[in-house]
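Report on the structure given below.
Computed from the coordinates by the stated procedures, all read-outs in this text should not be read as laboratory data. Predicted model, so just to flag it, every value in this text is computed and none were measured. With ideal geometry, Cβ positions are generated from the backbone for all residues, glycine too; neighbour counts draw on all protein chains shown.
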């Protein structure tokens, strides 16, 4: 599944970020879905909610924006816009 590999890639990236920063977990994640990325916000959230448990992103707030501009340079992309980390306790 294409969607599953995208979500797992995101979770791997978040795991690396948490390790590099010495953080405890991910608090918030903001992603932008391009108009031509072939994934709706609800579909993205569904896959994320299924895969996040047991990872550094478990319990994180997921914010999704949809860029509807098909002329955008990122129209076919899913972009990680912002990540807020929780300190390691």
Query - Cβ-based exposure ranking for 89, 61, 26, 31, in which fewest neighbours within 10 Å come first - result: 89, 61, 31, 26
Query - Spread of Cα-to-Cα distances over 10 Å intervals beginning at zero, given as percent, for the chain - result: 17, 50, 27, 6, 0
Query raised in the report: Using the 10 angstrom Cβ neighbour count as an exposure proxy, how do 13, 27 rank, fewest first?
Result: 13, 27
Report summary line: Taking Cα atoms only, helix 41-51 is inclined relative to the longest principal axis of the chain by an angle, in degrees rounded to 10, of 30 degrees
Report summary line: Rounded to the nearest 5, the percent of antiparallel DSSP beta bridges in the chain equals 55 percent
Report summary line: Exposure-ranked with fewest Cβ neighbours within 10 Å first, 51, 58 stand as 58, 51
Report task. Rounded to the nearest 10 degrees, what's the angle between the helix 2-21 long axis and the longest principal axis of the chain, both from Cα atoms, 0 to 90? Result -> 40 degrees
